[in-house]
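What follows is one structure encoded as structure tokens, with my remarks underneath.
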């Protein structure tokens with residue numbers, strides 16, 4: 001007599017069941033656990049004796065009726081699916097207290113080993129009392145490095161592993177361009193990927209489930225909601241100003257909050273105090289000075305840009321009591337200006353983001369007369385700074401730039417400051433390693449720009 005369940009037939013059915021199971025609403029790691037137990041590769045019919053038992057009662061009635069036999073098999077599978085649905089949705093939450101309730105927003109219930117916190121997007125999330133492992137998304141890894149908590153990281157985005165290939169270098173010998181990357185380069189290279197990373201890119205949810213970090217960090221509320229609802233992993237939002245500019249009070253609040261989550265309160269206080277000391281020092285040095293007009297151009301924002309890319313309320317110029325000519329636009333953060341506006345402003349000094357030098361040079365060779373109308377170009381008052389926007393804001397670079405700009409426009413107030421030496425100190429304070437040379441190898445920051453007939457030259 002034909003066997004009630006052949007291995008081939010059951011395999012097809014269970015592949016279908018597994019597919020349906022994993023796409024159920026409210027899917028979680030529990031579904032993976034159950035499907036891996038009952039639908040794992042390399043099974044044999046003994047694993048599914050439950051099906052034979054479920055159909056034993058019907059065997060006599062359907063022995064001579066192939067159609068009914070088929071119905072019995074399908075009914076058995078339906079019974080099997082309903083049985084484990086009950087376990088997944090009712091019995092397991094009842095027995096184990098249910099770490100989570102299902103819905104559009106994942107809201108873990110507080111348990112003895114967890115605590116309920118409110119993140120900086122106003123979301124309530126239950127997190128472990130002691131966080132031992134994390135994954136930091138959307139550029140939040142830099143804050144983890146600032147707080148000397150990189151030892152907690154168990155996975156990184158692909159963009160964090162990317163190296164810049166300088167002339168004559170191979171992918172193996174390329175360099176990391178963001179200071180926090182360079183500071184933990186050996187760790188980054190051996191950690192698993194959790195997705196591509198970068199603007200608009202989502203993490204790999206299956207990898208996150210396998211890694212199962214205690215906490216997922218992000219600057220994006222939408223990402224936190226997605227990760228939490230699909231994986232059941234506590235996901236916390238750190239405040240970020242986005243394209244509205246660099247807001248240091250918000251940044252310091254984020255660092256203090258993250259310090260509490262990771263048990264790095266003391267380090268958060270140290271780094272916030274250092275930020276305050278730098279700002280205080282810059283303001284003190286320039287108190288009562290006659291302000292000069294400045295334009296910051298070529299600002300990087302999701303890539304390199306030319307002269308007309310600028311930053312309104314650029315923090316270094318605010319701290320230095322300088323006049324940022326672009327501030328009259330009454331906007332926030334990164335903007336592109338009309339090039340004629342720059343001619344009308346005609347600032348005394350121009351500082352260029354070194355990441356945009358190639359584009360600026362190309363434009364200069366095509367429109368030399370335009371640049372020659374700028375007083376700063378004619379008087380050799382054009383200089384470069386290091387790019388601070390690279391997968392969000394590198395705070396240490398921004399502060400280092402402030403000292404270089406101050407020493408350039410107010411030399412008598414910064415006579416005791418050697419910009420490169422100060423930059424080394426600042427960067428090391430933030431990331432815990434001496435990595436300025438990595439930046440210098442890729443970008444020509446802290447240089448004077450000369451506009452010659454053959455193009456831009458750096459001194």
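The values are calculated or read from the model by the stated rules, or taken from the named source; none is laboratory data. All of these numbers come straight from a predicted model, not from anything done at the bench. A quick note on method: Cβ atoms are made from the backbone with ideal geometry, for glycine too, and the neighbour counts reach across all protein chains shown.
Of all residues in segment 214-234, which are assigned to a loop (DSSP other than H, G, I, E, B) and closer than 20 Å to residue 145 by Cα? Of everything in segment 214-234, those that are assigned to a loop (DSSP other than H, G, I, E, B) and closer than 20 Å to residue 145 by Cα turn out to be 214, 219, 220. For the structure I just gave you, tell me whether residue 287 is within 21 Å of residue 361 (Cβ to Cβ) and outside any helix (DSSP H, G or I). It is false that residue 287 is within 21 Å of residue 361 (Cβ to Cβ) and outside any helix (DSSP H, G or I). Among (1) part of a helix (DSSP H, G or I); (2) over 25 Å from residue 270 (Cβ atoms); (3) at pLDDT below 95; (4) in contact with a strand residue (DSSP E or B) (Cβ under 6 Å, 6 or more places away or on another chain), which single condition is residue 438 missing? Here residue 438 meets the rest and fails (2).
Let's see how each residue does on (1) part of a helix (DSSP H, G or I); (2) at pLDDT below 95:
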residue: 255; (1), (2): yes, no
residue: 259; (1), (2): yes, no
residue: 269; (1), (2): yes, no
residue: 273; (1), (2): yes, no
residue: 278; (1), (2): yes, no
residue: 294; (1), (2): no, no
residue: 301; (1), (2): no, yes
residue: 306; (1), (2): no, yes
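Scan segment 424-435 for residues that are crowded, with 20+ Cβ neighbours inside 10 Å and either in a loop (DSSP other than H, G, I, E, B) or modelled with pLDDT under 95 (or both) and the total you get is 1.
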